[in-house]
Amino acid sequence: MRATAKHEPQCEPQLEIIMCGIFGYIGPKENSLELVIKGLQKLEYRGYDSWGVATELDGELFVDKKIGKISEANLDDFKDKKCNFAIGHTRWATHGGVTDTNAHPHFSSDKTIAVVHNGIIENYEEIREMIGKENFVSDTDTEVIPQLIAKYRKEMGFKEAVLETIKKLKGRYAIVVTNVGENYLIAARRGSPLIVGVGENEYFLASDIPAFLEYTQNVNYLDDDEMVIVDGGVEFMNITTGEPIKKRLVNIDLKAESAEKGDYDHFMLKEIMEQKESILRAINQDTDEIMHIAQMIKNSRGCFLSGCGTAGKVCMAGEYFFSLIANRHVNFAPSSEFPVYHHFLRPESLLIVVSQSGETADVLEAMEAAKKKGCKVLSIVNSEGSTIARQSDFSLHIKAGVEKAVASTKAATSQMALLMLIATAMVGELQEGRRLLAEVASQINDMLNPRFLTYIKDVAERIKDHENCYIIGKAENYPMALEAAIKIQEVSYVHAEGFAAGELKHGPIALVTEGTPCISLIANDEVKSDTINNTIELKARGAHIIGISPEKHEVFDDWIKVPDVGIASPLVNIIPTQLLAYYISVLRGLDPDMPRNLAKSVTVK
Ligand code: F6R
């Protein structure tokens, strides 16, 4: 849609809860629109409902926005549109319909100011009333931003108008603003990620680093309540005081290829295959730091583990590692539930949060609850410089490399490896822990061979048309049963559920009928015979048993052999389930990298 197109009929405005990717460029390159679209394609994992770009062409605001995936944008449409700056957006929406008009960028009625936004403006209704509802064309909260800037712009400079507008906004935002006639970009953040990439006389403003990684590895992280004005240079300021801020330039140790698919059909498969190296990077941590963290846990009175979704299941596995290896009870709570436990928190408590993106809103809320009680927070993240990393007292980086598929795979095994390493350090066995985990990485390397993949694909072929699938595990493999269910659900839309093996007889076994695929996660440990017995109970009800285990058993209809790695069994048992989820998705004709209704970085509560 062009900015000049006829307005669609007005609907009642709705809070637009968005995760989204935003990207802006300013510099000597004249193909800014193409550059921004290509950058947004690298952020597509953040949202793929609609996309849009804006710049100035022939002295007028040019806006093009559409529903659909940014990966389907036709770059040829933008080849002859020369401009040295542009902004763009790829949207993930849960409220506020997926329409061309609701797509970003949004612009002022006089079509001089355009804005891309990630977040929620809570007081948008009040601002709409103040400006006059009749001036609005979209159903979004975001549109109040360019409208308010335009209103203030009549009385003051562009910079001042943006600052004045931001001061009026309540809620969470990362925004990039541009204005016809004044060829510079202004960005600001509160609660949503925004990073400034600093190249040679050129600047990038993005929700995540892969958007600009091929141009620069030097970044400035914008903190909450900060604004940046980008033209020939960068000028940072505090939004509340208007005072200038000096920022440290950080060099990111990431290669552009790490954010590309390479020869793989999907990022999910590439990331599963990378686990042989990513685990090694995760355990390659500074010994003093690990010892310090081990001591922090030992000294704490009340230690909690928290994360969401897959990261939450990793925390549950951590609970078992700390108990089995370090003889220490650590309490797990999903981050969305964690604040409920605030009665148990005290200044001597420690909260360990686990997050791939480092931006998950529920995790940030859990951290806030802990900090209010004076607790220390340790984070285990994959995104250095992320909000969670910067807001914790101590942060460890798992170094898994860019994880782009929505379904988390390599980040999860790296997080588990690191939690296990810390547990071994707590009992003075860090070197042994390192050796065991290095051995696990090498075994995973051997396991992930083409024959293994073909075999799992065959198993997936047998399961793919079933609407239900159950997974069981006991002890440290119980969280893996839950995690395997998440993987299968989210990429293949098969109804999958994980259970503690011993719980079956208390209800869930009623779900099993002739041929129902049931995956049994087994390790060579003290609970092995219990799990086998529970598997036999399933088989007796007609289940088709897929055994993931180091040893074969007659109860298995399909046996997926995994290496025997002792207490580290969750790290190897989870891998075939990731592959099963992947192949079921592909065989069902789905795109495993972009499951419906989901986005990679969940920056809303
Ligand atoms: C599932 C998945 C999600 C994330 C969850 C937390 O495959 O990826 O369940 O684990 O949204 O995200 P992070 O780890 O970024 O905090």
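Each value in this text was obtained by applying a stated rule to the coordinates, not by laboratory testing. None of the values given here were measured: they were computed from a predicted structure. Here Cβ is always computed from backbone atoms with ideal geometry, including for glycine, and neighbour counts include all displayed protein chains.
Is the shape of segment 449-605 best called rounded, prolate or oblate, per the rule: a/c under 1.5 gives rounded, else a/b larger than b/c gives prolate, else oblate, with a ≥ b ≥ c the square roots of the Cα gyration tensor eigenvalues?
rounded
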Helix 569-587: inclination vs the chain longest Cα principal axis, degrees, rounded to 10, gives 60
Given the C-alpha centroids of segment 336-374 and segment 179-210, what is the distance between them in whole angstrom? 30
Which aspartates and glutamates, if any, have their Cα less than 13 Å from the Cα of Lys372, not counting same-chain residues under 8 positions apart? Glu348
Take each of the peptides 567-576, 154-163, average the number of other beta-carbon atoms within 10 Å over its residues, and list them starting from the highest. 567-576, 154-163
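Taking square-rooted eigenvalues a ≥ b ≥ c of the alpha carbon gyration tensor, is segment 21-258 rounded, prolate or oblate, where a/c under 1.5 means rounded and, failing that, a/b exceeding b/c means prolate?
Here segment 21-258 falls in the rounded category.
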Starting from the Cα gyration tensor of segment 48-109, multiply each eigenvalue by 5, take the square root, and state the resulting semi-axes largest first in whole Å. 21, 14, 8
Crossing angle, helix 309-326 versus the chain [Cα axis fit, 0-90 degrees, rounded to tens]: 40
So which of Lys298/Lys373; Lys38/Lys261; Lys38/Lys69; Lys313/Lys410; Lys133/Lys168 end up more than 23 Å apart, counting from Cα to Cα? none
Counting only other residues whose beta carbon sits under 12 Å from that of Ile113, what net charge do I get with K and R as +1, D and E as -1? 0
Place +1 on the Cβ of every Lys and Arg and -1 on the Cβ of every Asp and Glu in the chain, take the dipole about the Cα centre, and give the residue among Gly157, Asn299, Ala317 whose Cα lies farthest towards its positive end. Asn299
Across Lys42/Lys159; Lys42/Lys82; Lys376/Lys487, pairs whose alpha-carbon gap is larger than 27 Å: Lys42/Lys159; Lys376/Lys487
Given charges at beta-carbon only (K, R positive; D, E negative), |dipole| of segment 21-258 in Debye: 320
Using Cα pairs under 8 angstrom and six or more residues apart, how large is the relative contact order of the chain, in percent? 12
By per-residue mean of other Cβ atoms within 10 Å, what is the highest-first order of 137-150, 60-73, 235-248? 137-150, 60-73, 235-248
Angle check, please: helix 430-447 long axis (alpha carbons) against the longest principal axis of the chain (alpha carbons), in degrees 0 to 90, nearest 10. 90
Can you tell me the dipole magnitude for the chain around its Cα centre, using point charges on the Cβ only (Lys, Arg +1; Asp, Glu -1), in Debye to the nearest 20? 720
Just order 498-505, 253-260 by mean Cβ neighbour count inside 10 Å, highest at the front, would you? 498-505, 253-260
Per residue, the convex hull enclosing the Cα atoms of segment 456-514 spans a volume in Å³ of 85
Could you name the aspartates and glutamates in cross-link range of Lys154, using Cα to Cα under 13 Å and dropping any fewer than eight places away on the same chain? Asp110, Glu164
Heads up, the chain by the C-alpha gyration tensor (a ≥ b ≥ c square roots of eigenvalues; a/c under 1.5 rounded, else a/b over b/c prolate, else oblate) looks prolate
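Give, as a single signed number, the net charge of other residues whose beta carbon lies under 12 Å from the beta carbon of Ala475, with Lys and Arg counted +1 and Asp and Glu -1.
Its environment carries a net charge of -3.
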